[in-house]
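The values are calculated or read from the model by the stated rules, or taken from the named source; none is laboratory data. Fair warning: this is a prediction, and the values are worked out from it, not measured in the lab. Backbone-built Cβ (ideal geometry, glycine too); neighbour counts: all protein chains shown. Remember, those area values only see protein heavy atoms, side chains included, never the ligands or the DNA or RNA. Shrake-Rupley method; radii C 1.70, N 1.55, O 1.52, S 1.80 Å.
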Amino acid sequence: MNRLHKPLATLAAALSLVACGPQEPTTTPAPVEQNEAVRTPYQLDAAFAKAGADFRVPANLLKAISYTETRWEHVTGGSEFPGQEPAFGLMALRGAKLSEGARLAGVSEEAVRTQPEANIRAAAALLSAYADELGVKREDLGAWAPAAVKLSGITNTEAQASYVHAEVYDILRKGAVANTLDGHVAVSLMPTEAQAQWATSDLVRAMSADYGPAIFRSSPNFGSRPSGYDISMIVIHTCEGGYSGCWSWLANSQSGASAHYVVNESGSEITQLVAETNRAWHVAASYDCGLNGSVMCGLNGQSVNNFSVGIEHGGFASQTSFPAGQIDASAKLSCDISRDRTVVRDSYHIVSHGRLQPSTRTDPGPNWPWSTYITKIKEACGEGSIPTVGLVVDSNNANHDATKATFTHSANWIVGANAGYYGSNYVYGNAQAVSDPAVFSFYLSAAGTRTIDAWWVEGSNRSATAPYVIIDANGNNLGTVNANQQTNGGKWNTLGTFSFQAGWNKVQLSRWTTAGTVVVADAIQIR
């Protein structure tokens, strides 16, 4: 995906974010995981400052809106809901606003979509025009709240108040910093005292009857779940926009769409829009088990909405990582749904929107942390609470960073999904005297001693001598460990401690063992 235009083509599209307000140090969020491939020490601060000065808009307001909308990531939005244009750039500009911003800033629409500076300038130009239209006192930061609301496009009064007070002006007061991989500050928002000049919502919040922590904000966009259908699936979505704009759009009858829940970016708030027993309108596709590991094929041709619960998440399928708080909150919600509705806790029953509707949707995108997410759901439900303390190489390459770990195997290995696997699934091979290993590879930046653990799904047909061959980056065979896969499944089992070299090291699971059994390649952990 072409996120950014030169000379900022390697701008920090995902940054290490640290809140920096007056709160106690123990409450400071941990840095977001970083992606080396999209980092540069380019300073976004300068781009916000210049746009603010040129268009007479507070630079801190621009930063706060960008943080709220995209967490300072130059996104390429997708189409998630009918009637809503995709959002682009650090400021998440859409449709007519993107076009008008480009005109006011004197840049092309393509530049606004692809160039961070142009995107910021287009938003600044729009805010400046709104300030003139609304009579904003430019020197008063709190007076800019109506302009910020107009830029957001949110029309629901409760959502407008939430967007202004709990998001934009909240981060203004707390502050935040985003660092590049080498520790340079890419963009900083220092804590700024400002009170939004916008009415607070006086609505009495109703809490969810299905999930206690959620606020119930009813959407008219639902129907009765057809008789004969049990809830057997949870579908994970991204809003392709921010939280307040997302839930308020789905609560609007004109949107023609809904989801059961929306989780905000920090995980601090969840909205329920449709009761779990009712049918929300969140997947526009009939079920095809061929897209989902040949699971639940008896439902082929049926609307996915008939048997699923949909969870939207503030954010974008194109973003490079997801906030830990959001993943934690969503996992607890999915646990609750799976426990109450008896949904199997695996990646065939808790699935992405994009898997079920691949012709038009990709959400939640390639960087949704599936292995972590499924594990957290199981832990929240008290199932398989096994700590993961090192780098994990899973049998599904979608579950890890390809610059650090990869998994390969021939077509002779078969995908399995019996209970007890790590991550998404596993593969197994028939034991016989052939050289056809499944290979777990991991990258070390420096030589060192590491302990290797293996995870498998046990069974009576498993090999009692599954041979794990340990090979360093120089091709040296460090030893073979024969593991009994008939027992101790569904947890980490230590293979041993070895001295590895810098570069790509390997753990190969060989099929060359006692015939008549199978060997299971599920996951390894390096610690």
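Residues in segment 408-426 that are of a type in the set (A, V, I, L, M, F, W, C) and surrounded by fewer than 22 Cβ atoms within 10 Å (Cβ to Cβ): A411, I414, V415, A417, A419. Within segment 258-278, being surrounded by fewer than 21 Cβ atoms within 10 Å (Cβ to Cβ) and either over 21 Å from the mean Cα position of the chain (by Cα) or under 19 Å from V343 (Cα atoms) (or both) holds for A275, E276, T277, N278.
From the list S441, S435, the one residue that fits, being among the polar types (S, T, N, Q), in contact (Cβ under 8 Å) with a residue 12 or more places away in the chain and part of a loop (DSSP other than H, G, I, E, B), is S435. Here are some residues: S162, S201, S188. Which one is open to solvent by less than 30 Å² (accessible area, probe 1.4 Å), of a type in the set (S, T, N, Q) and either under 15 Å from A59 (Cα atoms) or part of a loop (DSSP other than H, G, I, E, B) (or both)? Just a single option satisfies the conditions, and that option is S188.
For (1) within 24 Å of Q272 (Cβ to Cβ); (2) among the β-branched types (V, I, T), each residue gets a yes or a no:
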position: G106; (1), (2): no, no
position: Q115; (1), (2): no, no
position: I120; (1), (2): no, yes
position: A123; (1), (2): no, no
position: V136; (1), (2): no, yes
position: A145; (1), (2): no, no
position: G153; (1), (2): yes, no
position: E158; (1), (2): yes, no
position: H165; (1), (2): yes, no
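Can you spot a residue in segment 285-301 that is β-branched (V, I, T), at pLDDT below 95, closer than 20 Å to N418 by Cα and touching a His at 6+ places or on another chain (Cβ under 7 Å)?
Start the filter on segment 285-301 by keeping residues that are β-branched (V, I, T), which leaves 295.
In the following step, the residues that additionally are at pLDDT below 95 were identified as 295.
After this cut, where a residue has to be closer than 20 Å to N418 by Cα as well, the list is 295.
Add one more test, that the residue is touching a His at 6+ places or on another chain (Cβ under 7 Å), and what stays is none.
No, there is no match, as no residue in segment 285-301 is β-branched (V, I, T), at pLDDT below 95, closer than 20 Å to N418 by Cα and touching a His at 6+ places or on another chain (Cβ under 7 Å).
Considering segment 204-236, the residues that are in contact with a Lys or Arg (Cβ under 9 Å, 6 or more places away or on another chain) and open to solvent by 80 Å² or more (accessible area, probe 1.4 Å) include one that is farthest from R345 (Cα to Cα), namely R205.
So if I check each of A125, A129, A96, A176, which one is open to solvent by less than 20 Å² (accessible area, probe 1.4 Å) and at pLDDT 95 or above? Quick ask: steps written out before the conclusion?
Numbers: A129 fails: open to solvent by less than 20 Å² (accessible area, probe 1.4 Å); A96 fails: open to solvent by less than 20 Å² (accessible area, probe 1.4 Å); A176 fails: at pLDDT 95 or above.
Every option except A125 fails the conditions.
Every residue, every condition in (1) at pLDDT below 95; (2) in contact with a helix residue (DSSP H, G or I) (Cβ under 8 Å, 6 or more places away or on another chain); (3) β-branched (V, I, T); (4) over 22 Å from P369 (Cα atoms), yes or no:
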| residue | (1), (2), (3), (4) |
| --- | --- |
| L391 | yes, no, no, no |
| A411 | yes, no, no, yes |
| S435 | yes, no, no, yes |
| S445 | yes, no, no, yes |
| T449 | yes, no, yes, yes |
| I471 | no, no, yes, yes |
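Answer yes or no as to whether G83 is open to solvent by 60 Å² or more (accessible area, probe 1.4 Å), modelled with pLDDT under 95 and farther than 18 Å from A49 by Cβ. Criteria met by G83.
Within segment 100-118, which residues are assigned to a helix (DSSP H, G or I) and either open to solvent by less than 60 Å² (accessible area, probe 1.4 Å) or touching a residue at least 24 places away in the same chain (Cβ under 8 Å) (or both)?
In the first step, residues of segment 100-118 are kept if they are assigned to a helix (DSSP H, G or I); the result is 100-105, 109-114, 116-118.
Within segment 100-118, E100, G101, A102, L104, A105, A111, V112, R113, T114, P116, E117, A118 meet the criteria.
When S445 is tested against (1) surrounded by 15 or more Cβ atoms within 10 Å (Cβ to Cβ); (2) under 32 Å from the mean Cα position of the chain (by Cα); (3) more than 30 Å from G382 (Cβ to Cβ), exactly one condition is not met: (1). Given the structure, is Y287 open to solvent by 30 Å² or more (accessible area, probe 1.4 Å), farther than 20 Å from W368 by Cβ, in contact (Cβ under 8 Å) with a residue 60 or more places away in the chain and among the hydroxyl-bearing types (S, T, Y)? It is false that Y287 is open to solvent by 30 Å² or more (accessible area, probe 1.4 Å), farther than 20 Å from W368 by Cβ, in contact (Cβ under 8 Å) with a residue 60 or more places away in the chain and among the hydroxyl-bearing types (S, T, Y). Residues in segment 472-490 that are surrounded by 15 or more Cβ atoms within 10 Å (Cβ to Cβ), closer than 18 Å to Y426 by Cα and of a type outside the set (G, A, S): Q485, Q486.
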